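First up is the structure itself, then whatever we jot down about it.
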Amino acid sequence: MEKLIITAAICGAEVMKEHNPAVPYTIEECVREAKSAYDAGASIIHLHVRWDDGTPTQDKGRFGEVIEAIKKVIPDVIIQPSTGGAVGMSNDERLQPTELNPEMATLDCGTLNFGGDDIFMNTENTIKYFAEKMNERGIKPELEVFDKSMIDMALRLHKKGYIKSPMHFDFVQGVNGGISGELRDFIFLRGSIPVDATYTVAGIGRYEFPLAMAAIIDGGNVRVGFEDNVFLSKGVLAKSNGELVEKVVRMAKELGREIANPQETRRILGMEKVEVLKGRRVE
Ligand code: KMH
Ligand code: ZN
């Protein structure tokens, strides 16, 4: 079995300091949280950014500053900016961080209700447009699927050449409006992707650690972090993203699964060729 890739979704666009005071808004707070996650074993940082007052933004300048500050402290970590941003943002607003040529970025594969009255819009043409932009820049997409139908969409766009092999999925389970975080639904999703594809699972709220356990056993990968869940255990707030990652590392250790470093992660996800093309290979 391959080593376990841990992604830390340190910030998100919806979770606020009212939910957990350690949620990062400022550049310094983002660096602190990214480093805590990396030190604990995360090799990918899934990144949203905020203005200092906590307002989510996809501003290219703000992303650039945050990424530069993180890379100064942990140069080999893989940064995966969000192109989902926050509900209601325009496509071009959401795409801004891709202009910084990150190694990876998210590609959201369908539209869904997002709690209350919100709709997270990703029409087929939007997905194609985002995929083309990422292909032009050699950015590895992480295919965000909030429901089974979004895997089907990704597979259709793969057939049409918009999404390249090997595909890498993120099963986001437990969003109000998406697929549940129940184990039967995880099994359904993981059985629906191509054999040469990789996946990570992001369980929302109380689903975070049970689904992490399932993925560790199954040979998949895990995403944790404040974007998805702010609790270390029932009623106990996590002090940092690093604490959430540490818990996954403990679980993996118990089950005999080693943790991948960033370079191993690049190999497992088939990103080394991309690195060579972009002249960024460090070896
Ligand atoms: N904030 C959500 C509306 C992504 O990062 O690509 C979308 C999201 C997905 O978080
Ligand atoms: Zn996100």
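Using a 1.4 Å probe, how large is the accessible area of residue 149, given in Å² and rounded to the nearest 10?
Result for residue 149: roughly 70 Å² accessible.
Mind checking the dipole of region 41-120: about its Cα centre, +1 per Lys or Arg Cβ, -1 per Asp or Glu Cβ, Debye to the nearest 20? Could you put the intermediate results ahead of the total?
On the way: 6 positive and 13 negative charges, 45 e Å.
Rounded to the nearest 20 debye, it is 220 debye.
Test of understanding: extend the Cα→C-beta vector of residue 195 to 7 Å, then name every residue of region 145-168 with backbone N under 19 Å from that spot.
155, 159, 165-168
Taking all protein chains as present, what is the carbon and sulfur share of the accessible area of the chain, in % to the nearest whole number, probe 1.4 Å?
53
Per DSSP H run of at least 4 residues, take -39500 (n - 2.57); add these up for the chain, divide by its residues and hand me the 222 nm value, nearest 500 deg cm²/dmol.
Rounded to the nearest 500, the figure is -11000 deg cm²/dmol.
For a quick protection proxy, order the peptides 160-169, 29-38 by their average other-Cβ count within 10 Å, most packed first.
Numbers: 160-169: 17.2, 29-38: 23.1.
Listed from highest to lowest mean packing, they are 29-38, 160-169.
Accessible area per residue of region 6-282 at 1.4 Å probe, in Å²?
Ligands and nucleic acids excluded, the figure is 42 Å² per residue.
Please list, in chain and number order, the residues 5+ apart from residue 119 or on another chain whose amide H is under 5 Å from its amide H, with Hs placed from the backbone.
Correct list: 114.
Kindly flag which residue pairs out of 17/140; 164/234; 60/128; 3/148; 128/148; 71/234 have an alpha-carbon separation exceeding 28 Å in this structure.
Listed pairs above 28 Å: 17/140; 164/234; 71/234.
Note down the nm distance, to one decimal, between modelled labels 7 Å out along Cα→Cβ at residue 51 and at residue 183.
Result: 4.6 nm between the two label points.
Compute the label zone of residue 59 within region 75-119: residues whose backbone N is under 20 Å from the point 7 Å along Cα-to-Cβ.
Within reach of a label on residue 59: 81-102.
Counting only DSSP beta bridges with both residues in region 1-159, what percent are antiparallel, rounded to the nearest 5?
If I count the DSSP bridges inside region 1-159, around 25 percent turn out antiparallel.
Have a look at 265, 143, 15 and report the one farthest towards the positive end of the charge dipole of region 6-282, computed about the Cα centre with Cβ charges (Lys/Arg +1, Asp/Glu -1).
265
Order 40-48, 257-265 from most to least packed using the mean count of other Cβ atoms within 10 Å. Don't skip to the answer; put the middle values down first.
Working: 40-48: 27.2, 257-265: 18.9.
Per-residue mean Cβ counts within 10 Å order the peptides as 40-48, 257-265.
So if I take the alpha carbon set of the chain, get Rg, then get Rh from the Kirkwood formula, what is the Rg over Rh ratio? Provide the component values of the computation, followed by the final result.
Numbers: Rg = 16.9 Å, Rh = 18.4 Å.
With Rh from the inverse mean 1/r over Cα pairs, Rg/Rh is 0.92.
Amide H of residue 163 versus every other amide H placed in the peptide plane: which residues, excluding those fewer than 5 positions away on the same chain, fall under 5 Å?
158
Can you give me the long-range amide H partners of residue 259? Hydrogens built in the peptide plane at 1.01 Å from N, cutoff under 5 Å, separation of 5 or more residues or another chain.
Those lying under 5 Å, H to H, from residue 259 are 4.
What aspartates and glutamates sit close enough to residue 133 to cross-link, taking a C-alpha to C-alpha distance under 15 Å and skipping anything fewer than 8 places away on the same chain?
Cross-link targets: 92, 93, 99, 103, 108, 124, 142.
Report relative contact order for the chain in percent, whole number only (criteria: Cα-Cα under 8 Å, sequence separation at least 6).
23
To the nearest 20 Debye, how big is the dipole of the chain about its Cα centre, given +1 on the beta carbon of each Lys and Arg and -1 on that of each Asp and Glu?
Value, rounded to 20: 720 debye.
The values are calculated or read from the model by the stated rules, or taken from the named source; none is laboratory data. On a predicted model such as this, the values are computed, not experimentally measured, just so you know. Note that we place each Cβ from the backbone using ideal geometry, even for glycine, and neighbour counts take in every protein chain shown. Heavy atoms of the whole protein, side chains included, go into the accessibility calculation; ligands, DNA and RNA do not. Shrake-Rupley method; radii C 1.70, N 1.55, O 1.52, S 1.80 Å.
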